[in-house]
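K.L.:
Just dropping this structure here.
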Protein chains: 2
Amino acid sequence: MLHAVIMAGGSGTRFWPASRRSRPKQFLELITKKPLLRTTFERLGGLVPADRTWIVTTAETAAPTRDLVPEIPVENILSEPVGRNTAACVGLAAHAALEGDPEATCVVLPADHVIGEEVRFRSALAAGASLVTREGGLLTFGVQPTRAETGYGYLEVGAEHARQGDWTIHRLERFVEKPDAEKARSYLESGGYLWNAGIFAWRAADLLEEIARQLPELAAGLDTIAASFSTPVSKTVLEETYPSLPATSVDFGVMEGARRCWTIPVDFPWSDVGSWSALDDNPSGDTAGNTSRGRVLTVDAGGNILISTGPVVSAVGVEDLVVVATPDAVLVVPKSQTQRVREVVEALREKGWDDVL
Amino acid sequence: MLHAVIMAGGSGTRFWPASRRSRPKQFLELITKKPLLRTTFERLGGLVPADRTWIVTTAETAAPTRDLVPEIPVENILSEPVGRNTAACVGLAAHAALEGDPEATCVVLPADHVIGEEVRFRSALAAGASLVTREGGLLTFGVQPTRAETGYGYLEVGAEHARQGDWTIHRLERFVEKPDAEKARSYLESGGYLWNAGIFAWRAADLLEEIARQLPELAAGLDTIAASFSTPVSKTVLEETYPSLPATSVDFGVMEGARRCWTIPVDFPWSDVGSWSALDDNPSGDTAGNTSRGRVLTVDAGGNILISTGPVVSAVGVEDLVVVATPDAVLVVPKSQTQRVREVVEALREKGWDDVL
């Protein structure tokens, strides 16, 4: 049967000061009206029922996750004691799905992306799930690039393998790390590259077989954890074992070396909403090109992203800035440098100002 | 006898969001360690006793003024029902001083300026007071310019009249409104111009005589108010009469047309601290040239003025900005445009966001 795995292990740094350790990006209501995690769940509507939907979250965010998606059985919310990257995350979820369904096929989705055209999105997911259920292999969905973006990883598309409804399934040649501007342009022009959206489909057993073949240490740890499922010591075993698992991504650690990999080019609107500047895409701007949320006032200021969850924010005579204000913290950064918010979080940690992390 | 009149009727707009209607600039502890009003009072120490010190304040700030300067008798704190500019303010204080001292000489000082070298400052005040007590006339103190400042009014210095200790008393030719950059340069080069610091000395009776001669309507209103002093209806008369007084400055409305005017060039350090950018003068900057107050963090940011009375402020990759954060309001403005904060206050008023005014 088809299962959905929502990866919700974000650390809450890129959208500081709105996001915090205890309230990462997927819980924010800034970007969309509903928190992204809620939207991600609702977007699956009709394709996968709640009792076959799994969320992998952190110890700190398990409780707010339960509150935000009460439809999902609490035992389907898997809490990582520490983050060990995506290979461990999807492996844990595969074991959980297999526990009650030896034939489980999983579609895997990040909790904090923005995706449009939901019907088309579900159609693509269904096509991918159908292929891997029938033929095996690991499949990733790749977004047709619309600009020479340097902030995303890419997929190199191989030969056409099959068609299914509206969708064409290709072999996946390789994963490509975030390119420089020149490479990004050549990828866009060639037409043979897709953005790596981090959305996957596989039979749970196939994923675990590839993990066992390529990452035996990870497989052994996951087996230990899975063996304790439904026993009174499951939580203890998870907490003792998980931190020692090798931390590697499913992209480069599992799929890159897997025997058979597929990709489906998709064209629904997609954004990973990677930093504050992504809010510029949002069509709520004023005539001066400011994007505003909350009580915000501008005087002769243009092209800014101005966000408040508390204080009145007033910007005078400034351009292309991001200003984010919460009751206890304020961020000011040029739109072109919003990736550097991580550095702020790091500096706050060094200063010991943990109360605002 | 010598009296001091402290003009403390500021409206609290230029240092928004730190300053508010109920807490104008003279109450802030941002600029100096002590609020400027307190420092202004203490700076008079030894020259004028507290019971001959008068503070003209607003209805909204009378109570915090009493708290800040408890040494001054409460009846010496005069509360303007509405601001009617400085001619009315100093006229009211002159009547109050005359009430118990027909020979009163007043030195008049703004409550919210920064002044260094206090001994020299008091020496200059004493010299000016001595001259007007002896010879009459209205006297203003002028600060020797150190740069071609366009943000101040100027005084054109006339012929030398007398010497007194370290000080030279000149005739005052005229008041000059804030000049453009070219004029300011020529004033600086000529050596014959001083900054108008808004610090005055006169016999109370002489001031009121000039007001009566030049501004009879103002004089009549002030007489009505003064006639009610020490009666049970004094507050009612003040509240009924004051709002109808003509609003004009003592500089242009009284001194410009007065029969005899003096000026004393002074060279003690002085700043009217007219906007946030004045804090740049303050030598508390870091190596990147940022001036900071409160919990402030910079990453690759230089030349900024960063102030917080509440939230953590983090600035990344920005230059020459002013960022001021309070628990309920945040301001972002280039250092070169801090005069425009008044426009923000105006816009807030129009929006009806009175809670942050």
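K.L.:
Which of the following residues is of a type outside the set (Phe, Trp, Tyr) and touching a residue at least 40 places away in the same chain (Cβ under 8 Å): A:GLU71, A:GLU117?
P.N.:
After applying the criteria, what remains is A:GLU117.
K.L.:
Give me the helices (runs of 4 or more DSSP H) completely within the stretch B:1-112, filtered to those with at least 2 residues that are of a type in the set (S, T, N, Q), ordered by residue number. Please lay out each step first, then the result.
P.N.:
Numbers: elements: B:36-43, B:62-68, B:85-100.
Fully inside the stretch B:1-112 and qualifying: B:36-43, B:85-100.
K.L.:
A:THR263 fails exactly one of the following numbered conditions: (1) crowded, with 21+ Cβ neighbours inside 10 Å; (2) without any contact (Cβ under 8 Å) to a residue 24 or more places away in the chain; (3) away from chain B (no Cβ under 14 Å). What is the number of that condition?
P.N.:
All conditions pass for A:THR263, except number (2).
K.L.:
To continue, here is another question. (1) in a helix (DSSP H, G or I); (2) within 30 Å of B:ILE307 (Cα to Cα); (3) open to solvent by less than 50 Å² (accessible area, probe 1.4 Å): which one isn't true of B:PHE268, the others all being true?
P.N.:
Against the list (1) in a helix (DSSP H, G or I); (2) within 30 Å of B:ILE307 (Cα to Cα); (3) open to solvent by less than 50 Å² (accessible area, probe 1.4 Å), B:PHE268 comes up short only on (1).
K.L.:
Can you tell me which residue is surrounded by the most Cβ atoms within 10 Å (Cβ to Cβ) among those in the stretch B:176-195 that are more than 16 Å from B:VAL143 (Cα to Cα) and among the charged types (D, E, K, R)?
P.N.:
Here the residue is B:LYS183.
K.L.:
Now, a different point. Go through (1) without any contact (Cβ under 8 Å) to a residue 60 or more places away in the chain; (2) of a type outside the set (A, V, I, L, M, F, W, C); (3) open to solvent by 20 Å² or more (accessible area, probe 1.4 Å) and name the single condition B:SER11 misses.
P.N.:
(1)
K.L.:
Here's another thing I want to ask about it. Of all residues in the stretch B:306-324, count the ones that are in contact (Cβ under 8 Å) with a residue 60 or more places away in the chain and crowded, with 22+ Cβ neighbours inside 10 Å. Even if it seems obvious, please write down each step before you answer.
P.N.:
In the first step, residues of the stretch B:306-324 are kept if they are in contact (Cβ under 8 Å) with a residue 60 or more places away in the chain; the result is B:307, B:309, B:324.
Retained after the next criterion (residues that are crowded, with 22+ Cβ neighbours inside 10 Å): B:307, B:324.
Going through the stretch B:306-324 one residue at a time, the tally reaches 2.
K.L.:
Looking only at the stretch A:336-350, decide whether some residue is free of Cβ contacts under 8 Å to residues at least 60 places away in the same chain, within 20 Å of B:VAL316 (Cβ to Cβ) and of a type in the set (Ser, Thr, Tyr).
P.N.:
The answer is yes, given that some residue of the stretch A:336-350 is free of Cβ contacts under 8 Å to residues at least 60 places away in the same chain, within 20 Å of B:VAL316 (Cβ to Cβ) and of a type in the set (Ser, Thr, Tyr).
K.L.:
Within the stretch A:271-291, track down each residue that is open to solvent by less than 20 Å² (accessible area, probe 1.4 Å), within 14 Å of chain B (Cβ to nearest Cβ) and in contact with a strand residue (DSSP E or B) (Cβ under 7 Å, 6 or more places away or on another chain).
P.N.:
Those that are open to solvent by less than 20 Å² (accessible area, probe 1.4 Å), within 14 Å of chain B (Cβ to nearest Cβ) and in contact with a strand residue (DSSP E or B) (Cβ under 7 Å, 6 or more places away or on another chain): A:TRP276, A:ASN290.
K.L.:
Then there is this: Collect the residues in the stretch A:133-161 that are under 28 Å from A:ASP101 (Cβ atoms), surrounded by 14 or more Cβ atoms within 10 Å (Cβ to Cβ) and not polar (S, T, N, Q), keeping them in residue-number order. It would help to see each step written out before you state the result.
P.N.:
Of the stretch A:133-161, the ones under 28 Å from A:ASP101 (Cβ atoms) are A:133-142, A:161.
Next, only the ones that are surrounded by 14 or more Cβ atoms within 10 Å (Cβ to Cβ) stay: A:133, A:135-142, A:161.
Scanning the stretch A:133-161 gives A:GLU135, A:GLY136, A:GLY137, A:LEU138, A:LEU139, A:PHE141, A:GLY142, A:HIS161.
K.L.:
Can we say A:LEU297 is at the interface with chain B (Cβ under 9 Å from one of its Cβ atoms), in a strand (DSSP E or B) and under 25 Å from the mean Cα position of the chain (by Cα)?
P.N.:
No.
K.L.:
Now a separate question. Please specify each residue of the stretch B:238-277 satisfying the condition of being aromatic (Phe, Trp, Tyr) and either in contact with a Cys (Cβ under 9 Å, 6 or more places away or on another chain) or over 20 Å from B:ALA93 (Cβ atoms) (or both). So that I can check it myself, show each step before the final result.
P.N.:
As a first pass, look at the stretch B:238-277 and keep what is aromatic (Phe, Trp, Tyr): B:242, B:252, B:262, B:268, B:270, B:276.
Hits for the stretch B:238-277 are B:PHE268, B:TRP270, B:TRP276.
For (1) assigned to a loop (DSSP other than H, G, I, E, B); (2) open to solvent by 40 Å² or more (accessible area, probe 1.4 Å), each residue gets a yes or a no:
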| position | (1), (2) |
| --- | --- |
| B:TRP202 | no, no |
| B:ALA205 | no, yes |
| B:ALA219 | no, no |
| B:THR231 | yes, yes |
| B:LYS235 | no, yes |
| B:GLU239 | no, yes |
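K.L.:
Of (1) touching a residue at least 40 places away in the same chain (Cβ under 8 Å); (2) small (Gly, Ala, Ser); (3) open to solvent by 50 Å² or more (accessible area, probe 1.4 Å), B:GLY294 satisfies all except one. Which?
P.N.:
(1)
K.L.:
Tell me, which strands (runs of 3 or more DSSP E) wholly within the stretch A:307-349 include 2 or more residues that are touching a strand residue (DSSP E or B) at 6+ places or on another chain (Cβ under 9 Å), at pLDDT 95 or above and more than 7 Å from chain B (Cβ to nearest Cβ)? Talk me through it step by step, then tell me what you get.
P.N.:
Numbers: elements: A:312-316, A:321-325, A:329-334.
In the stretch A:307-349, A:321-325 are the strands (runs of 3 or more DSSP E) which contain 2 or more residues that are touching a strand residue (DSSP E or B) at 6+ places or on another chain (Cβ under 9 Å), at pLDDT 95 or above and more than 7 Å from chain B (Cβ to nearest Cβ).
The values are calculated or read from the model by the stated rules, or taken from the named source; none is laboratory data. Computed from a prediction, not measured in an experiment: that's the story for all the values here. Using ideal geometry, Cβ is built from the backbone for each residue, glycine included, and neighbour counts are taken over all protein chains shown. The protein model used for the area step is the full one, side chains on, heavy atoms only, and it has no ligands, DNA or RNA in it. Shrake-Rupley method; radii C 1.70, N 1.55, O 1.52, S 1.80 Å.
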